[in-house]
Amino acid sequence: MHHEHTPAGLCLKAFTIWQAEDASDSSLAYWMVDNDFSNAQGISARPHSKHAVKWVSSLHRYEAFWRADGRSPRENTRNLTTLPTSERRLGQWGRYQRRFEENLCRYQEIRLDVSPAFKWDPHEEGWRARFDACTNHRSSTGRVPYLNSNDPIEFALARWLGRQMRQLQRGTLMATRAARLKAFIAEGPTI
């Protein structure tokens with residue numbers, strides 16, 4: 001694991017960014033708890049805000065899930081019986097952060113920005129990741145992904161790309177995505 005993805009590395013990165021700005025809001029309470037948790041000290045003897053302890057504890061569980069599973073926690077899935085309650089609650093915590101971003105102090109915002117587990121717009125991040133995978137596939141093979149039944153990864157990319165092309169034709173693809181897809185098409189053949 002990269003040092004910058006450890007709790008201590010993420011805490012230090014967020015602290016450095018926050019200190020370069022204005023450290024005059026309630027951020028100090030959140031940083032103190034994050035620093036104690038991140039450096040495996042537990043909660044120090046100094047008094048801490050209960051809200052900060054709860055928030056930092058949730059963030060650390062969220063990131064621990066990401067480290068263990070290689071993905072962020074979900075709050076929903078097609079078959080809800082397969083979604084563990086603990087993962088669902090962490091997914092709900094993430095959605096709550098996105099929904100009430102204006103209520104977060106500056107340190108919380110920065111800490112979420114530097115977290116590899118947290119995405120402010122997970123749908124857009126997922127779209128970009130698939131688009132980048134299609135671009136990388138074309139760069140490495142000289143062609144766009146096609147429905148190759150011998151390669152499940154390429155098959156999935158081809159299905160995704162086909163859906164994006166249909167949305168582009170129908171005019172239902174978001175403008176920023178449409179522009180990227182049109183540029184992708186213009187770069188070469190689209191088998």
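The values are calculated or read from the model by the stated rules, or taken from the named source; none is laboratory data. All of these numbers come straight from a predicted model, not from anything done at the bench. With ideal geometry, Cβ positions are generated from the backbone for all residues, glycine too; neighbour counts draw on all protein chains shown. In case anyone asks, the SASA skips ligands and DNA or RNA and just uses the protein heavy atoms, side chains included. Shrake-Rupley method; radii C 1.70, N 1.55, O 1.52, S 1.80 Å.
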Fill in the blank from the handout: Counting only backbone N atoms under 15 Å from a point 7 Å out along Cα-to-Cβ of residue 83, the residues of the stretch 112-127 in range are 122-123
Practice task
With +1 on each Lys and Arg Cβ and -1 on each Asp and Glu Cβ, and nothing else charged, work out how big the dipole of the chain is about its Cα centre, in Debye to the nearest 20.
Solution key: 860
Fill in the blank from the handout: Evaluated at 37 °C and 0.692 mPa s, the Stokes-Einstein D of the stretch 136-180 based on the Kirkwood radius over Cα pairs, in µm²/s, stands at 290
Problem - Label corresponding to mean projected area of the Cα convex hull in nm² when calculated from the structure given, among [x] 21.0; [y] 14.3; [z] 11.4 - result: [y]
Completion exercise
Any helix of the chain counts here only if DSSP assigns it H throughout, its Cα atoms span 15 Å or more along the axis, and its mean Kyte-Doolittle hydropathy is at least -1.0, and such helices are 7-20, 27-38, 50-69, 152-170, 175-186
Handout entry: Whole-number percent relative contact order across the chain, with pairs defined as alpha carbons under 8 Å at least 6 apart
Key = 17
Exercise for the section: Find which of 51, 12, 31 sits farthest along the positive direction of the dipole of the chain, computed with +1 on the beta-carbon of Lys and Arg, -1 on that of Asp and Glu, about the Cα centre. Expected result: 51
Exercise for the section: Might you report the magnitude of the Cβ-based charge dipole of the stretch 122-186 about its Cα centre, with Lys and Arg at +1 and Asp and Glu at -1, to the nearest 20 debye? Expected result: 300
Handout entry: the chain, helix-only ellipticity at 222 nm - DSSP H runs n ≥ 4, -39,500 (n - 2.57), divided by all residues, nearest 500
Key = -21000 deg cm²/dmol
Exercise for the section: Just add up the charged neighbours of residue 101: K/R +1, D/E -1, any other residue whose Cβ is under 14 Å from the Cβ of residue 101. Expected result: +2
Exercise for the section: Would you list, by chain and number, the lysines whose Cα falls below 25 Å from the Cα of residue 54, excluding same-chain residues fewer than 8 positions away? Expected result: 13, 119
Problem - Solvent-accessible area per residue, Å², over the stretch 122-186 with all protein chains present [probe radius 1.4 Å] - result: 63
Practice task
Calculate what fraction, in whole %, of the accessible area of the stretch 122-186 sits on carbon and sulfur atoms when a 1.4 Å probe is rolled over the protein chains.
Solution key: 53
Practice task
Mind giving me the FRET efficiency for residue 185 and residue 150? R0 is 22 Å, r the Cβ-Cβ distance, nearest 0.05 is fine.
Solution key: 0.30
Handout entry: Computed over the stretch 7-114: relative contact order in percent, which uses C-alpha pairs under 8 Å that are six or more apart
Key = 33
Completion exercise
Summing +1 per Lys or Arg and -1 per Asp or Glu among the other residues with Cβ less than 15 Å from residue 170's Cβ gives +4
Fill in the blank from the handout: Over the stretch 7-114, with neighbouring protein chains present, the accessible area per residue in Å² at probe 1.4 Å is 57
Handout entry: Percent accessible area from carbon and sulfur atoms, the stretch 7-114, protein chains only, probe 1.4 Å
Key = 52
Practice task
With all protein chains present, calculate the accessible area of residue 16 using a 1.4 Å probe and round the result to the nearest 10 Å².
Solution key: 80
